[in-house]
There are 2 protein chains.
Amino acid sequence: MATGWGSLLQDEQQLEELARQAVDRALAEGVLLRTSQEPSSSDVSFILMHRIPSVNGSQFSFPLLMAILVVSYAPFTLFPSLVPSALLEQAYAVQMDFNLLVDAVSQNAAFLEQTLSSTIKRDNFTAHLFDIHKQVLKEGIAQTVFLGLNRSDYMFQRNADGSAALKQIEINTISASFGGLASRTPAVHRHVLNVLGKTKEAAKILSNNPSKGLAMGIAKAWELYGSANARVLLIAQEKERNIFDQRAIENELLARNIHVIRRKFEDVSEKGSLDQDRRLFMDDQEVAVVYFRDGYMPSHYSLQNWGARLLLERSCAVKCPDIATQLAGTKKVQQELSRSGMLEVLLPGQPEAVARLRATFAGLYSLDMAGKDTCDEQARGTSASNQSHRAC
Amino acid sequence: MATGWGSLLQDEQQLEELARQAVDRALAEGVLLRTSQEPSSSDVSFILMHRIPSVNGSQFSFPLLMAILVVSYAPFTLFPSLVPSALLEQAYAVQMDFNLLVDAVSQNAAFLEQTLSSTIKRDNFTAHLFDIHKQVLKEGIAQTVFLGLNRSDYMFQRNADGSAALKQIEINTISASFGGLASRTPAVHRHVLNVLGKTKEAAKILSNNPSKGLAMGIAKAWELYGSANARVLLIAQEKERNIFDQRAIENELLARNIHVIRRKFEDVSEKGSLDQDRRLFMDDQEVAVVYFRDGYMPSHYSLQNWGARLLLERSCAVKCPDIATQLAGTKKVQQELSRSGMLEVLLPGQPEAVARLRATFAGLYSLDMAGKDTCDEQARGTSASNQSHRAC
């Protein structure tokens, strides 16, 4: 039954049949994207009301849902990827360090201000975010609970001696996505291997349920907020192709009887408000946690949306993330963190965490030509030969 | 949190939001149909081969699947339907009787011939089926194991006294569908009720996993055939919108390490064969079970396809169903079964089963105007006033 890998990759017909099976399994498992033609969730003009006589004689109507709201599958590899277990273990081990580092950065206003000073001068988006950050600090933080759902991205580097190394590409501190869909891909890859009769290999594919983990984080924040009827407010885009990734987390929360309301920034402008204790209300419902799946790119903000973001940041709802944590995820901060001695300053007395973090750093190179002075300043004190690999 | 039903059905905005949530959950749970625009599974022109350097230095390629193969959700009611538990229990209790009745009919060649004699004269489709049935009987049945996966459809009748009664519409003995999708709808309806805060009602929705039950039937037939490497041959249509319903059963079989190959009648014509023991082979793979999800309507058969059907019926693979079982599911047989005294003939010495079956019969009326002689014959011995409600 089992097929050799070599012959398989040569057999186009078998690959196509396998792809058909994989695609159908991905669709059935919910590894979905809305199609770009019809991504809006507002296309719900499909409720047909039927009146039929009921068993006890009265007429009743029931909504029957029929429409063509089309979806397709999210891109995925036909085969699972081999990951050296040592690198996987390393990634697990360093994640808590990264989370604590992001937290330390977000709480360190002086570091953020100094690091982003040159960026703010030239980048309106970061400047806007920083403005809100400053305003909130000035008014006084209304909520001392912060929730970060961070995704650290890696690639494997082949060292000169042929060994493999884990190198971080970036860390996403706002709207980190694909946890939901990733929860469903192990079933797809197991299916592909089982179809090939490779049952032993299929059994080796690790289960992965990030949507549950992410939901548990939000549930914890909701619990700490401490109001049984308060909702989670998910800030979403109108045309969101990746909605099923988000729905997976919503479903996990609903299973814990925590209700999520999806709203746009525009809705917050129109129907969001703070009471005298800066408690946040949307459509008269109290909000315990604001979960951003929008607001991470300049194009997401109109002037009205910036106003909505400020309102949310000022509130005593737990933000996921708060604006300081979003700023801690900027490339400029990542670059600064790789500067010699910087981790030691941010994580004092934690040499082991610092070593684990630094082992995953790759070289970072600035495109900040206009910011040459900053770069030169950083360069001081390092040997010229090392400079091209330094973080500036 | 909980909402009243009355106010809910009046609140169009809330209904639409609920419908959005229900649709997304249905999509994520795999309650899917291919869209009519693009139903073909052969649209797999989407394998992009990527070459990337691997960790150990060699180049390797991997298929990455990206395409717009669009699907939508199968129509479903927004709310679950209330079913009186007595009627549900009744339906469960009578199912084994129906299965044994279908089996008894399919094994009773004289009854089939007599019952279908008038139909065969006027209906080419039934005549073709019956022809194959006769040929197979003449040659001698190669396989004594028969698999029936029957779906009995009911509606509730309101009696004059206001009570509810279970009335059978029909029984499907070939390609009975929606067991796969129905396995996933309880999660959708629970979701809808949970969103409304009706958690107690949600918990009352019974789980239902017909795809597992159907697969267990096929697995049993596969096991009785007794060849570890033999496959299940699923006869499918080229453009099958309801493929996810079928895939659910395929997946259950694969989980038992039973491999399914999907083929069209045309493929059987071209690449199917019998050996001297009438063992069936497709593409050189032995077939243990033939599972028909095609071949139940006249339009499914070209002359070539009739040839393929004959080949399959002659084989010693277990058929699901064999052609006699398909004939046992015809409307004409259903009509004949409702004739006074007929059940007693077919199920001798089983008065309790007969009573359970007859309790679900509704009136059946023939459109067989040309077959007036048969109808008249049946009518004899009944009072004129009763005739219009009789089965002829």
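Assume the label is 7 Å from Cα along Cα to beta carbon: what separations in nm does B:Phe361 have to the matching positions in the other copies?
Shortest to longest, the spacings are 8.6 nm.
From the P(r) of segment B:174-324, can you give the percent of Cα pairs sitting at distances over 21 Å?
Summing the P(r) of segment B:174-324 above 21 Å gives 49 percent of all pairs.
Amide H neighbours of A:Phe76 under 5 Å, at least 5 residues apart or on other chains, H built in the peptide plane: list them.
For A:Phe76, the qualifying residues are B:Leu65.
What is the sum of charges around B:Glu170, taking Lys and Arg as +1, Asp and Glu as -1, for the other residues whose C-beta is under 13 Å from the C-beta of B:Glu170?
Computed value for this residue: +3.
Rounded to the nearest 0.05, what FRET efficiency is calculated for A:Ala355 and A:Asp123 with R0 set to 30 Å and r the Cβ-Cβ distance?
It comes to 0.40.
Got the B:Lys220 label distances to the other copies yet, label 7 Å along Cα→Cβ, in nm, shortest first?
Once sorted, the set of distances for B:Lys220 reads 4.9 nm.
Residue by residue through segment A:105-121, which ³J(HN,Hα) values in whole Hz follow from phi under the Karplus form 6.51 cos²θ - 1.76 cosθ + 1.60 (θ = phi - 60°), with glycine and proline marked x?
Once rounded to whole Hz, the list reads 5, 5, 8, 9, 4, 5, 4, 4, 5, 5, 5, 8, 4, 6, 5, 4, 5.
Peptides A:141-149, A:199-207, A:229-237: what's the order by average Cβ count within 10 Å, highest mean first?
A:229-237, A:141-149, A:199-207
Among B:252-258, A:346-352, how do they line up from the highest to the lowest mean number of other beta-carbon atoms within 10 Å? Working shown, then result.
Working: B:252-258: 18.0, A:346-352: 13.0.
With the highest mean Cβ count within 10 Å placed first, the list reads B:252-258, A:346-352.
Rounded to the nearest 0.05, what FRET efficiency is calculated for A:Leu100 and B:Ser207 with R0 set to 60 Å and r the Cβ-Cβ distance?
Values: r = 43 Å, r/R0 = 0.71.
Between A:Leu100 and B:Ser207 the formula returns 0.90.
In sequence order, what are the phi-derived ³J(HN,Hα) couplings for segment B:157-169 according to the Karplus relation 6.51 cos²θ - 1.76 cosθ + 1.60 with θ = phi - 60°, rounded to whole Hz, with x for glycine and proline?
9, 8, 6, 4, 7, x, 6, 9, 10, 8, 10, 6, 8
Using modelled backbone amide H atoms (1.01 Å from N, in-plane), which distant-in-sequence or interchain residues come within less than 5 Å of B:Glu286's amide H?
Hits under the 5 Å cutoff: B:Arg231.
Counting heavy atoms of the protein chains only and a 1.4 Å probe, report the per residue accessible area for segment B:212-265 as a whole number of Å².
37 Å²
What are the principal axis extents of the Cα atoms in segment B:92-151, in Å, biggest first?
37, 28, 18
Where Lys and Arg each count +1 and Asp and Glu each count -1, what net charge lies around A:Glu313 among other residues with Cβ under 15 Å from its Cβ?
+3
Taking amide H atoms as placed 1.01 Å from N in the peptide plane, list the residues 5 or more away in sequence, or in a different chain, whose amide H sits under 5 Å from that of A:Lys319.
For A:Lys319, whose amide H was placed from the backbone, the distant partners under 5 Å are A:Leu147, A:Val290.
Ballpark to the nearest 100 Å², how much total accessible area do B and A bury together, probe 1.4 Å?
That pair hides around 5600 Å² of surface in total.
Could you work out how much longer the chain between B:Ile141 and B:Lys200 gets when fully extended? Use 0.36 nm per residue separation minus the Cα distance between them, nm to one decimal.
15.9 nm
Quick check: at a probe of 1.4 Å, how many percent of the accessible area of segment A:127-279 sits on carbon and sulfur atoms?
48 percent
Could you list, in their original order, any pairs among A:Lys264/A:Lys332; B:Lys167/B:Lys264; B:Lys134/B:Lys331 whose Cα atoms are separated by more than 30 Å?
Violating the 30 Å limit, Cα to Cα: B:Lys167/B:Lys264.
Check the axis relating chain A to chain B and name the residue of A whose C-beta is nearest, distance in whole Å.
A:Val70, 2
Would you list which aspartates and glutamates come within 16 Å of B:Lys138, measuring only between C-alpha atoms, while excluding same-chain residues fewer than 8 positions from it?
Here the aspartates and glutamates satisfying the reach criterion relative to B:Lys138 are B:Glu113, B:Glu313, B:Asp322.
Rounded, prolate or oblate: which one fits segment B:218-289, using the alpha carbon gyration tensor with axes a ≥ b ≥ c (rounded when a/c is under 1.5, else prolate when a/b beats b/c, else oblate)?
oblate
Please list, in order along segment A:284-299, the HN-Hα scalar couplings obtained from phi with the Karplus expression 6.51 cos²θ - 1.76 cosθ + 1.60 (θ = phi - 60°), rounded to whole Hz, x for Gly and Pro.
Once rounded to whole Hz, the list reads 6, 9, 5, 10, 8, 9, 9, 10, 7, 10, 7, x, 9, 9, x, 5.
Ordered shortest first, which distances in nm separate the 7 Å Cα→C-beta label point of B:Gln304 from those of the other copies?
Sorted ascending, the copy-to-copy spacings read 5.9 nm.
The values are calculated or read from the model by the stated rules, or taken from the named source; none is laboratory data. Bear in mind the structure is a predicted one, so any value in this text is a computation, not a measurement. Neighbour counts are summed over all protein chains in view; Cβ atoms, including those assigned to glycine, are modelled from backbone coordinates with ideal geometry. Please note that ligands, DNA and RNA were not included when accessible areas were found on the heavy atoms of the full protein model with its side chains. Shrake-Rupley method; radii C 1.70, N 1.55, O 1.52, S 1.80 Å.
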